[in-house]
1. Once phi is turned into θ = phi - 60°, what whole-Hz ³J(HN,Hα) does the Karplus curve with 6.51, -1.76 and 1.60 give for every residue of region 87-98, x standing for Gly and Pro?
2. List the residues whose amide H sits under 5 Å from the amide H of residue 77, counting only those 5 or more places along or on another chain, with H placed 1.01 Å from N in the peptide plane.
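Values quoted throughout were computed directly from the atomic coordinates according to the rules given, and no laboratory measurement underlies them. On a predicted model such as this, the values are computed, not experimentally measured, just so you know.
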Amino acid sequence: MRTLIVLVFLAVLMVTAFCYESHESMESHEFASPFINRRNAYNFMKYLPKRNSIVQERIRERNKSPQERQREICEDYNPCERYALRHGYAAAYRRFFGQRKG
């Protein structure tokens, strides 16, 4: 008898847990209007990151260190990249591209 009461109680708990619909799950079913009005769109776009930070990031991309440029050159050449995995990028660059000047 006690086992039956425990099983019924667990079944009621499971039904309650699985059949409960929260407010968040109901929000996904609201398809009244898939578009937002202009004011809400403006408020959303108004807080995008400043353009200055984007410009600074592009400047950093242009001014790379010599080691980073060498590493990118080595990554593009498959034998150099495989050698770099074992001996490091500096040694791999010297081995494959060391004779080149400039």
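1. 10, x, 6, 5, 5, 5, 5, 4, 5, 8, 10, x
2. none
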